[in-house]
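This report refers to the structure that appears directly beneath it.
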Amino acid sequence: MFAVLFVSNLVTMLGVGMVAPFISIYAESIGASGVGIGFIFGSFALARGIGTPVFGRLSDLSGRKRFIVAGLFFFSVLAALYPLARDPTDLVIIRFFQGLASCVVTPISMAYLVELTR
């Protein structure tokens, strides 16, 4: 189980880390200004700030495994939507929902790991 949790976190963190350096270049190519790029990055952080306590509590009540699997699924689907973005607003929306998906995977898998080590 430790290996599965490790890979889940690795996939999520690599997905976030690999996109971050290039998202501003891509956003600029579809018409984003500096402020727009700030909204694109900020929407991800905002979603994590809002979603982490909500999804954490829900996973405490109904089980962590389903949340981790669903989070990985949605994180992957949303990553595939980046090339389909037509304008900066699309990127803000995609990044927001990808932030929600990432906050389902990372904190919940860490909580699950703590639960396993007790």
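The values are calculated or read from the model by the stated rules, or taken from the named source; none is laboratory data. All figures in this text were calculated on a predicted structure; none of them were measured in a lab. A quick note on method: Cβ atoms are made from the backbone with ideal geometry, for glycine too, and the neighbour counts reach across all protein chains shown. Ligands, DNA and RNA are stripped out before the accessible areas are found, and what is left, the full protein with its side chains, is counted by its heavy atoms. Shrake-Rupley method; radii C 1.70, N 1.55, O 1.52, S 1.80 Å.
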Q | Where the chain is the region considered: accessible area per residue in Å², 1.4 Å probe | A | 57
Q: Compute the label zone of Ile30 within the range 80-117: residues whose backbone N is under 18 Å from the point 7 Å along Cα-to-Cβ.
A: 80-101
Q. Mind checking which of Leu46, Leu78, Leu14 has the largest fluctuation in a GNM of the chain, springs on alpha carbons under 10 Å?
A. Leu14
(Q) Give me the base-10 log of I(q)/I(0) for the range 17-118 at each q in 0.10 Å⁻¹, Debye formula, one uniform scatterer per Cα, rounded to two decimals. (A) -0.30
**Q.** Fraction of accessible area attributable to carbon and sulfur, the chain (%, probe 1.4 Å)
**A.** 76
**Q.** Helix axis angle, 34-62 relative to the chain longest principal axis, alpha carbon, degrees
**A.** 20
(Q) Just to confirm the number: angle between the C-alpha axis of helix 88-117 and the first principal axis of the chain, 0 to 90 degrees, nearest 10? (A) 20
